[in-house]
1. I need the phi-derived Karplus couplings for segment 84-98: 6.51 cos²θ - 1.76 cosθ + 1.60, θ = phi - 60°, integer Hz, Gly and Pro marked x.
2. Post the alpha-carbon centroid distance, segment 63-78 to segment 95-117, in whole angstrom.
3. So what is the relative contact order for segment 3-126, in percent, with contacts set as C-alpha pairs under 8 Å and at least six apart?
4. Under 5 Å between amide H atoms, partner at least 5 residues away or on a different chain: which partners does residue 26 have, H built in plane at 1.01 Å?
5. Using the Cα atoms of the chain, I'd like the radius of gyration and the largest Cα-Cα distance, Dmax, both in angstrom.
Amino acid sequence: MTVFTKVVLFTDADGRARFREEPIELAEGTPQSMLSALMPSGGMQLRHSPVGFRSQFHCSPHTQWVFILGGRMEIGLQDGTSRIFGPGQHFYSADLLPAGATFDASVHGHWSRQVGPDPLVTLFVRG
């Protein structure tokens, strides 16, 4: 079976952001061009973040795929860990504020920042 590894940024049961990986089966197409099933989307946005960009802790406003087109992006979690994504890499952002919760920057969310000498260019595709 051919698979695509989906990197997921999600809110765990304790309200904290974590990463996990999930396989997406590529079962359609031909052996030379394997495809996943068609997935719905709710639009897309491009973003340019200058050198030095860094956000505060926040939750994603909705689920979305984030594809890095240029530069590098670091995502930091409450536990002090982080991951850096470069051109051609992705993650699926599902780090949503738990239902009924009031945002607490010491518990919820993640931060993001531009890393390195090049501006960060990203493509967001709503899930």
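Only the coordinates and a few stated rules stand behind these numbers; no lab work does. Given the structure is predicted, the values throughout are model-derived calculations rather than measurements.
1. Calculated HN-Hα couplings, in order: 10, 10, x, x, x, 9, 8, 8, 9, 8, 10, 7, 9, 5, x Hz.
2. 13 Å
3. For segment 3-126, the relative contact order is 36 percent.
4. 2, 3, 4
5. Spelled out, the Cα radius of gyration and Dmax of the chain are 15.5, 48 Å.
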